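K.L.:
Quick one: structure below, then a few questions.
Readers should treat all values here as calculations from the given coordinates under stated rules, not as data from a laboratory. These numbers were taken from a predicted model, which means no experiment stands behind them. Ideal geometry is used to build each Cβ from the backbone, glycine not excepted, and the neighbour counts take in all protein chains shown.
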Ligand code: HEC
Ligand code: HEC
C-alpha cells in the first residue's frame, strides 16, 4: 500500500528479540494457554480448538474488513475501479468467485450468457452477494458505495468446480493467481509515483513491508494452512500467528486497530474502544488452527520411495536439523547464508534471519522459498545438495522429492 507517513521509515533492526519473545508470550497466554497435550520439538502446548471461536474466526477470515474500507474506498478509491470491471477481467486478475454464495439459477444464467461475463453489472451483482472472495462491498444500484478487503483475498482460492476461478472456497490456500500489485496499481487514489512499483509485482506476490520501508522486493504469498503447532510465523519468524495477523490487519490492510513493534519502528494506536482488530485475533487464531494442509492427491507420489526419502530427510540429508516437530518448522532462526538464501528480504525484517518454513501441502504451492527461487521440489533438493555439500546420488535426490511431495 502507499507509503504511510504515520509509519515512518526508521526501523531499529538491531532491537532485541526479547520484544518478540514477550509478544509471543502475551499472545500465546491470551490466545492459547497451556495444557499437557503432546507436543513435538517445534510445538508449544496449546488448548484444544474451540469450535465456536473457530466458527467466528472463519466469518472474520472470509468476510471481515476490520474497517479497512476507509482506506480502500476513501483513499485508494478501489470502488471506482471495481464498478467498471467485468467478471472476465476480474477473473483474469486472479479474483475468485465463491459459487456457494450465488443462487444456482443465477450462476447458470451467467455462464450461459457470455455477454454477462463482459458486463460490469454482473461484477456488482456478485459483490452484492458477497461472492467475490476477499472483497467486502456495499452495492447501491449502479454504484459500489464502499469496498474493503479481507484475509481471504490473498489466502483463499476456489476449487474451480464450476469454471476456472469459480467454485467452492479453499481457505488457507495461497492465491497465486492474484495480481494484487496490478489491482492496487490501477486504483485511482494511488499516488502516481507508486504505480509502476505496484504494477511490477507478479501475480501471487506481495510485499508486506513496502509501505513501511519503501523497498520493493515482494515475496510469494504463502499458504495459511498447516500452521497449527508452528510457533513462529512469517518467512523471517517475527512472532506467533496473532502477532502477524495483527500486523497485516493494521499495517497492510489498513484496518482500524493498534499495532506496535519497536523493532520495526511501527507504532499505530487507535483508542481501545475503536479497535476493530484486537478482539478478532483470538477467534481468527482458533480458525487458522483448523486449516489443515491439503493432503496430496492419490497416486501423486510413491509411498515406498517417500519412506526412503523420509529416512534421508531425518539422516544423511540433514533436513531435520532445521525442519522439526509436527509442522517440520522449528523455533530457531537461520542466517541466510546458512541455507544459501538471498539475504535481502531478511534484512528488512525484525529478525534479519529466516525461519525453516513449515513443510506442508508442498505438492500444492510451487514455487518454493520466500522468493520462489526453486521452481520445483527437485530444485529445492538440488539447492540443498549443492549448498550443504550433501553429495546425494540422483536416486537419493529423487527419494527426497517423493517424500516432500507426500507432505
Ligand atoms: C495482500 C495480500 C495479503 C492479505 C490481504 C493478507 N495476507 Fe497474510 N500474508 C501475505 C504475505 C505476502 C505473507 C508473507 C509475509 C512474510 O512471511 O514475510 C503473509 C503471511 C501470512 C501468514 C504467515 C504464514 C507462514 O507460513 O508463516 C499468516 C498466518 C497470514 N499471512 C495470515 C493472514 C491473515 C489472518 C490475514 C487477514 C488479517 C492476512 N494474512 C491477510 C499476504 C496477505
Ligand atoms: C540450516 C537449516 C536448514 C536445513 C539444514 C534445511 N532447511 Fe529447508 N529451509 C530452511 C529455511 C531457513 C527455509 C526458508 C528459506 C526461504 O524461504 O528463503 C527453508 C525452506 C525450505 C523449503 C521451502 C518450503 C516452501 O513452502 O517454500 C523446503 C521445501 C525445504 N526447506 C526443504 C528442505 C530439505 C528437503 C532439506 C534437506 C535436504 C532442508 N530443507 C534443509 C532451513 C533449513
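K.L.:
In nm, to one decimal, how far is the modelled label at residue 163 from the one at residue 389, with both set 7 Å along Cα→Cβ?
P.N.:
Between residue 163 and residue 389, the simple spin-label model gives 5.8 nm.
K.L.:
Follow-up question, since we're still on this one. Where does each of 325-332, 233-240 land if you order them by average Cβ count within 10 Å, highest first?
P.N.:
Ranking, from highest mean packing down: 233-240, 325-332.
K.L.:
If you take the alpha carbon radius of gyration of the range 180-290 and divide it by 2.2 N^0.38 Å, what ratio comes out, to two decimals?
P.N.:
Against the compact-globule rule of thumb, the ratio is 1.14.
K.L.:
Still on this structure, I have one more. For residue 335 and residue 200 in one chain, what is 0.36 nm times their gap in residues minus the Cα-Cα distance, to one decimal in nm?
P.N.:
Extra length available between residue 335 and residue 200 comes to 45.8 nm.
K.L.:
Further question: Sort the following peptides by mean Cβ neighbour count (other Cβ atoms within 10 Å, averaged over residues), highest first: 114-123, 268-277.
P.N.:
My ranking of the peptides, most packed first, is 114-123, 268-277.
K.L.:
Each label point is 7 Å from the Cα along the Cα-to-Cβ direction; what then is the distance between the points at residue 192 and residue 49, in nm?
P.N.:
Calculated label separation equals 5.0 nm.
K.L.:
Could you tell me how many degrees, from 0 to 90 and to the nearest 10, lie between the Cα long axis of helix 51-63 and the main elongation axis, the longest principal axis, of the Cα atoms of the chain?
P.N.:
Tilt relative to the chain: about 60 degrees.
K.L.:
What nm value, rounded to one decimal, do you get for the distance between residue 112 and residue 347 when each label is placed 7 Å out toward the C-beta?
P.N.:
6.0
K.L.:
Students often get this wrong: which residues of the range 133-162 have the backbone nitrogen under 20 Å from the point 7 angstrom along Cα-to-C-beta of residue 80?
P.N.:
Hits in the range 133-162 for residue 80 at 20 Å: 136-149.
K.L.:
Here is a further query. Normalising by the residue count of the chain, find the relative contact order in percent from Cα pairs under 8 Å and 6+ residues apart.
P.N.:
Relative contact order here is 20 percent.
K.L.:
So how tilted is helix 17-31 from the main axis of the chain? Cα-based, degrees 0 to 90, rounded to 10.
P.N.:
Roughly 70 degrees between the two axes.
K.L.:
If you take the Cα Rg of the chain and divide it by 2.2 N^0.38 Å, with N the number of residues, what do you get?
P.N.:
Against the empirical 2.2 N^0.38 Å value, I get 0.99 for the chain.
K.L.:
If you look at just the Cα atoms of the range 303-405, how large are its Rg and its Dmax in Å?
P.N.:
13.3, 42
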